1. For the chain, what are the DSSP H helices with axial Cα length of 27 Å or more and mean Kyte-Doolittle hydropathy of at least 1.0?
2. Using each residue's phi in segment 225-231, evaluate 6.51 cos²θ - 1.76 cosθ + 1.60 at θ = phi - 60° and report the 3J(HN,Hα) Karplus result to the nearest Hz, with x for Gly and Pro.
3. Rounded, prolate or oblate: which fits segment 130-280 when a ≥ b ≥ c are the square roots of the eigenvalues of the alpha-carbon gyration tensor, with rounded for a/c under 1.5 and prolate only if a/b beats b/c?
4. Ordering 70, 190, 1, 223 from largest to smallest accessible area (1.4 angstrom probe), what's the sequence?
5. I'd like the accessible area for residue 182, computed on protein heavy atoms only with a 1.4 Å probe and all protein chains in place. Round to 10 Å², please.
6. Suppose all protein chains stay in the model; what accessible area per residue would a 1.4 Å probe give for segment 94-153, in Å²?
7. Hey, can you rank 323-334, 150-161, 118-129, 135-146 by average C-beta count inside 10 Å, highest first?
8. Could you work out the relative contact order of the chain, using alpha carbon pairs under 8 angstrom and six or more residues apart, expressed as a whole percent?
Amino acid sequence: MIPFLDLKTPYFELKQELDDAIARVVSSGWFIGGEEVDQFEVEYASYCGAAHAIGVANGLDALHLALRAMDVGAGDEVIVPSNTYIATWLAVTQCGAIPVPVEPDERTFNINPALLEAAITPRTKVILPVHLYGQPADLDHVLLIARKHGLRVLEDGAQAHGARYKGERLGAHGDAVAWSFYPGKNLGAMGDGGAVTTNDTQLADRLRVLRNYGSRVKYVNEMQGYNSRLDPLQAAILRVKLAHLDKWNERRKLAAAQYLKDLIGSGVVLPYVPDWADPVWHLFVVRCAKRDALHQRLAASGVSTLIHYPIPPHRQEAYADAGWQVNEFPLANQMADEVLSLPMGPHLSENQRQQVVVSLRANVTADD
């Protein structure tokens, strides 16, 4: 079986560095905050070209706390993609706000800027684009519309560590970027973790207070905050992996380039990359009209694939009371029915990748 993503080999490649980092934390006796977290925040902010990085417990908290820091609350509206993982929407509703879905560009799967202005109302406070699958959204157009209407922009960068938009790394284009360090991400911890990067010093200060019970001085609470802190063990692990991130992303790019070449004419729709985007290929997603059959046949042939994502947020039971109809957002529905993620990662061997290509070509029938 060719795994969808190999999470064991990265440890063995960096074993000595990771073991040393873990031992350093354990022997320090410091398990909340401290130097490891501080140093990671400095290093990650520098990597992203941002003034600040604020570590939090996970990617959902990064989104939620960033919206809270932007004063998003009950009755406010936040524009979100109709085609995304549900965490993007959950962060909005956790604030008591209302997600307003906008359909994607069919080629890139990312939010379509041409549809944004029609979704803006007097209650709109934030536009929340997602850099889905590791490919940057069309930020210039999003930012232009946001500034025209006095709105803030929070980017969901959970799948896009190291990706570049028009030559610049993501991390400081909008007002803030929320990141996840879930183990399967391009920059993944050995457990949950997250961060927010921003150039806004006031926003960064609010985030640091919000993540720590609303307190900057122990037992003095200036606001109703949360317990959402990146722990030193994960920070130390992330510091090690950050030094290798660009190298690992280059391996992903090479595998993606070969997929794009070898799968021409295979019967599946291949990813489209605009000339201004430099994606990091968190996922390599193809489209197939009879996706479920192909998914099953590939599994039977020893190739593990995943579906990102089989049910769009507006059709989830979690939002059953929001009033959306099943047939709303037809592009999100179509993508949910057709997308299939092929094995991808920095430790996917060329032999494995070639086997995926051979198997996919053999299992896509003429009417797929």
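1. Details: long enough: none.
Answer set is empty.
2. After applying 6.51 cos²θ - 1.76 cosθ + 1.60, I find x, 9, 9, 9, 10, 6, 8 Hz.
3. Numbers: a/c = 2.89, a/b = 1.55, b/c = 1.87.
Oblate, because a/c is 1.5 or more while a/b does not exceed b/c.
4. Working: 70 10, 190 85, 1 155, 223 55 Å².
Largest accessible area first, the residues go 1, 190, 223, 70.
5. For residue 182, the solvent-accessible surface is approximately 130 Å².
6. Details: 2350 Å² over 60 residues.
In whole numbers, segment 94-153 has 39 Å² accessible per residue.
7. Working: 323-334: 14.4, 150-161: 25.3, 118-129: 18.6, 135-146: 20.6.
The peptides rank, most packed first, as 150-161, 135-146, 118-129, 323-334.
8. Working: 769 pairs, mean separation 80.3, N = 368.
Value for the chain: 22 percent.
The values are calculated or read from the model by the stated rules, or taken from the named source; none is laboratory data. For clarity, every value in this text was computed on a predicted model and none was experimentally measured. FYI the Cβ positions are ideal-geometry reconstructions off the backbone, even for glycines, and counts take in every protein chain you see. Note: accessible area is taken over every heavy atom of the protein model, side chains too, but ligands, DNA and RNA are not part of it. Shrake-Rupley method; radii C 1.70, N 1.55, O 1.52, S 1.80 Å.
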